[in-house]
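The values are calculated or read from the model by the stated rules, or taken from the named source; none is laboratory data. Note that the coordinates shown come from a computational prediction; the quantities given were computed from them, not determined experimentally. Cβ coordinates were reconstructed from backbone atoms using ideal geometry, including for glycine residues, and neighbour counts include every protein chain displayed. Ligands, DNA and RNA are excluded from the accessible area calculation, which covers all protein heavy atoms including side chains. Shrake-Rupley method; radii C 1.70, N 1.55, O 1.52, S 1.80 Å.
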Amino acid sequence: MSNPTLAKRYARALLKSAEEHGALEETKQEWEAMLEVFHTHPEIAQVFRYPSISRERKQSFIASTFGSWSERSRSMLSVLLDRKRLHLIDEVAVEVIALINDRLGIANAVVYTVKPLSDEEKQAVSRKFAQRVGKRELYIENRVDPSLIGGMKVHVGHTIFDGSIQGQLDRLQRNITQTNLS
């Protein structure tokens, strides 16, 4: 059962510990790795969700799988296990990563273009739009959308920058329609 409020509470506790130890990047990398493993091997995530698997087996699995992790991340897994909250592990991981990214001045952006962007173009978009949204860096996810005709649309959180030709045509049409109605 999902519980975003509770997941955020655990994530904040882990964030605080990571900040105190100057280990934001390390903690972020550990939880990103966990999400990657869960996405590529969903059966591993199921180990945490099945109530029929004993606490001891889960503890053993955590020790063997995440033994190289930092003490603070292993402690968080133990807390989740002890409080029977391991089913929230995906949500906690997503929250931890989001909170750390925010602290580091990083945001995720979805960039819609007519053709795929090169790595250099992604870096240029990141530099330009990161400043506009007050971040140090943007992680770019490029999605191809031929309906844009040309240009690009950039989504960062709830902010949309529409520099596409289709967007310009839509704005021009609205302006003409509004002028004719006046």
Response to the item:
Of 51, 42, the only residue that is more than 20 Å from the chain's Cα centre (by Cα), over 22 Å from residue 101 (Cα atoms) and not hydroxyl-bearing (Ser, Thr, Tyr) is 51
Discussion item. When you check residue 11 against the structure, is it of a type in the set (Gly, Ala, Ser), open to solvent by less than 30 Å² (accessible area, probe 1.4 Å) and not in a loop (DSSP other than H, G, I, E, B), yes or no?
Written reply: yes
Worksheet, complete the sentence: Among residues of the stretch 151-182 being part of a loop (DSSP other than H, G, I, E, B) and within 27 Å of residue 106 (Cα to Cα), the residue most open to solvent (accessible area, probe 1.4 Å) is 158
Response to the item:
Those residues of the stretch 147-182 that are more than 26 Å from the chain's Cα centre (by Cα) and under 15 Å from residue 112 (Cα atoms) come to a total of 7
Worksheet item: If you scan the stretch 82-97, which residues turn out to be surrounded by 12 or more Cβ atoms within 10 Å (Cβ to Cβ) and not in a loop (DSSP other than H, G, I, E, B)?
Response: 86, 87, 88, 89, 90, 91, 92, 93, 94, 95, 96, 97
Practice prompt. Can you confirm whether the stretch 98-118 contains a residue that is free of Cβ contacts under 8 Å to residues at least 24 places away in the same chain, open to solvent by less than 60 Å² (accessible area, probe 1.4 Å), hydroxyl-bearing (Ser, Thr, Tyr) and farther than 25 Å from residue 24 by Cβ?
Written response: yes
Worksheet entry | Qualifying positions in the stretch 140-149 - modelled with pLDDT under 95 and either exposed (fewer than 13 other Cβ atoms within 10 Å of the Cβ) or aromatic (Phe, Trp, Tyr) (or both) | 146, 147
Discussion item. Can you pull out every residue in the stretch 119-135 that is closer than 16 Å to residue 151 by Cα and open to solvent by less than 50 Å² (accessible area, probe 1.4 Å)?
Written reply: 124, 125, 126, 129
